[in-house]
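First the structure, in the form of structure tokens, and then the observations on it.
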Amino acid sequence: MRTFSIGKTGIGGKNPVRLMGVINTSPESFFSGSFVPPGRVLAAAERMIEGGADIIDIGARSTAPGSREIPVSEECERLKQCLSELEGLEIPISVDTMHAEALQVALRYDINAINDIHGLADEGYAMIAAESGLPVIAMAALNAPGDARGTDETMRTLAVVIERCRQHGICDLILDPGVGRWVPERTFEDDWDICRRFSEFATFGKPLLGAISRKSFIGDLLGKPAEERLSGTLAATALLIDSGADMIRTHDIRETADLIKVCGEMRRR
């Protein structure tokens, strides 16, 4: 497996499982508890660091089904406010955006990684990402975020994503299989299939991201809203780590940090 660093944080291989904390500056987020308003971003980030986060992922737009669409200009303004608050923070920062204009805004600040749920399908975006020289987290997406259904389609789509990266000279790549009901055609069984067969994605030889925090497939099984899905998320996360996840993206830092520590002791990883 190729290993590299985000900032000074080693990713993949024999490195520990890394913990990515989510800061949403979008009030439209499916989980209201993750929204951080302007002026409170730095304090939220400091709490995450204290709780054990290795990386902080900043998002300024909700991509949950049915969420309110906002113009890219609004996403850019939110990113400016958020990243301005975090200047000088001593922890790697990734920015979660699928829009080239928003990525260009983010790159004016001291960020350390790019998180693209569109899998570099946008040629202009991919060129900007490549020119930045930053590591990229790329989700399985052929034409739209999360449009692959189940493990087999996701495997084929990630192969396309890897080829896009190769064509643009992007070598430091983390793969996100893209759990979640991103498009109406997807079912909850598609997500469970990806989680059950997560270890198969290791065949690509790239670090893997597990991003399932409080998602709807867990709520569907348990019959619970996002606010009550923590224990279900932790159970599934433990199994993803056992299946080879190199990084976990979560809203719940302290609880997931404890889980990673216990899983590490069990596996001596």
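The values are calculated or read from the model by the stated rules, or taken from the named source; none is laboratory data. Since this is a predicted model, take the numbers as computed values, not measurements. Every residue, glycine as well, gets a Cβ built from its backbone with ideal geometry; the counts of neighbours run over all protein chains shown. Accessible surface areas use protein heavy atoms only, side chains included; no ligands, DNA or RNA. Shrake-Rupley method; radii C 1.70, N 1.55, O 1.52, S 1.80 Å.
A compact table of results
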item	result
Test for Ser62: is it among the small types (Gly, Ala, Ser), more than 16 Å from the chain's Cα centre (by Cα), open to solvent by 10 Å² or more (accessible area, probe 1.4 Å) and farther than 21 Å from Gly169 by Cα	no
Any hit, segment 105-117, residues being under 25 Å from Arg164 (Cα atoms), open to solvent by less than 20 Å² (accessible area, probe 1.4 Å), in contact with a strand residue (DSSP E or B) (Cβ under 6 Å, 6 or more places away or on another chain) and of a type outside the set (A, V, I, L, M, F, W, C)	yes
Conditions (1) under 18 Å from the mean Cα position of the chain (by Cα); (2) more than 26 Å from Ile56 (Cβ to Cβ); (3) not aromatic (Phe, Trp, Tyr); number of the one not met by Leu208	(2)
Within segment 201-225, tally of residues that are within 18 Å of Glu163 (Cα to Cα) and either open to solvent by 10 Å² or more (accessible area, probe 1.4 Å) or small (Gly, Ala, Ser) (or both)	5
Hits in segment 201-235 - residues which are closer than 24 Å to Gly10 by Cβ, in a helix (DSSP H, G or I) and out of contact with any Gly (no Cβ under 8 Å at 6 or more places or on another chain)	Thr203, Phe204
Qualifying position, being free of Cβ contacts under 8 Å to residues at least 12 places away in the same chain, more than 24 Å from Lys206 (Cβ to Cβ) and either in a loop (DSSP other than H, G, I, E, B) or touching an Asp or Glu at 6+ places or on another chain (Cβ under 7 Å) (or both), among Glu69, Glu87	Glu69
Count of residues meeting criterion [assigned to a loop (DSSP other than H, G, I, E, B), out of contact with any helix residue (DSSP H, G or I) (no Cβ under 8 Å at 6 or more places or on another chain) and without any contact (Cβ under 8 Å) to a residue 24 or more places away in the chain] in segment 121-180	2
Count of residues meeting criterion [assigned to a helix (DSSP H, G or I) and either surrounded by fewer than 19 Cβ atoms within 10 Å (Cβ to Cβ) or not polar (S, T, N, Q) (or both)] in segment 239-269	18
Residue among Leu259, Leu208, Leu240 that alone is closer than 21 Å to Ile23 by Cβ and at pLDDT 95 or above	Leu259
Subset tally (residues that are over 19 Å from Pro184 (Cβ atoms) and within 17 Å of the chain's Cα centre (by Cα)) for segment 211-221	4
Residue match in segment 43-52 (condition: outside any helix (DSSP H, G or I), touching a Lys or Arg at 6+ places or on another chain (Cβ under 8 Å) and more than 17 Å from Ile170 (Cα to Cα))	yes
Criterion (open to solvent by less than 60 Å² (accessible area, probe 1.4 Å) and modelled with pLDDT under 80) met by exactly one of Ser67, Ser32	Ser67
